[in-house]
1. Taking amide H atoms as placed 1.01 Å from N in the peptide plane, list the residues 5 or more away in sequence, or in a different chain, whose amide H sits under 5 Å from that of Trp22.
2. ³J(HN,Hα) across region 6-22 via Karplus (A = 6.51, B = -1.76, C = 1.60, θ = phi - 60°), whole Hz, x for Gly/Pro?
3. Which aspartates and glutamates have a Cα less than 14 Å from the Cα of Lys80, not counting those fewer than 8 places away in the same chain?
4. By counting other Cβ atoms within 10 Å of each Cβ, how are Leu18, Leu66 ranked from fewest to most?
5. Looking only at GluC sites (Glu not before Pro) in DSSP loops with at most 12 other Cβ atoms within 10 Å, what is the longest site-free stretch of the chain?
6. Work out the charge dipole of the chain with +1 on the Cβ of Lys and Arg and -1 on the Cβ of Asp and Glu about the Cα centre, then indicate which of Thr54, Asn44, Met105 is farthest towards its positive end.
7. Pulled fully out, how much extra length does the chain show between Glu68 and Ala87, if you take 0.36 nm times their separation in residues and subtract their Cα-Cα distance?
8. Find the all-direction average of the projected area of the Cα convex hull for region 1-117, expressing the result in square nanometres with one decimal place.
Amino acid sequence: EEVSERADFVSPTEIRCLSPDWSKYSPGEVDVRVSIGGEGLTVNKIKWNYYVNTKPQKCVAYGPGLFEKGCVWGFPAVFKIQAKDTAGRNRTSGGEAHIWRVTAMAGGHSLPVKVVDNK
């Protein structure tokens, strides 16, 4: 099935568009081609991977920073979060690092966080 979206010219090597709604399809790889000025689609194509949104309740955190004896006062508490989608599958793309928040169990206040996004 072919789906079309309007794109904006940014530069001779870049166009920008919103991705279409793929919620009725499974995540996966698709071919992207361009039509300029209503002409036929280009012969050249690029691969694009669509994914299902991250589901925080299905994500998994692990590492020494999560255990009482794995942390030392004054040093970073290091741990990792494996992002998972709504079906519980591991996310293979990044770019959502800005959505994470870490809260102290004692006191319930937010803590300063350094996020490394493995896009």
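None of the figures in this text is laboratory data; all of them are computed from the coordinates on show. Fair warning: this is a prediction, and the values are worked out from it, not measured in the lab. Note: ideal-geometry Cβ built from the backbone for every residue, glycine included; neighbour counts use all protein chains shown.
1. It is none; the list stays empty.
2. 6, 10, 10, 6, 10, 7, x, 10, 8, 10, 10, 8, 7, 6, x, 6, 9
3. Within the straight-line cut-off, Lys80 pairs with Asp117.
4. Taking fewest neighbouring Cβ atoms as first place, the list is Leu18, Leu66.
5. Here the longest segment lacking exposed loop sites spans 40-119.
6. Of Thr54, Asn44, Met105, it is Met105.
7. Stretched fully, the Glu68-Ala87 segment lengthens by 3.7 nm.
8. 10.7 nm²
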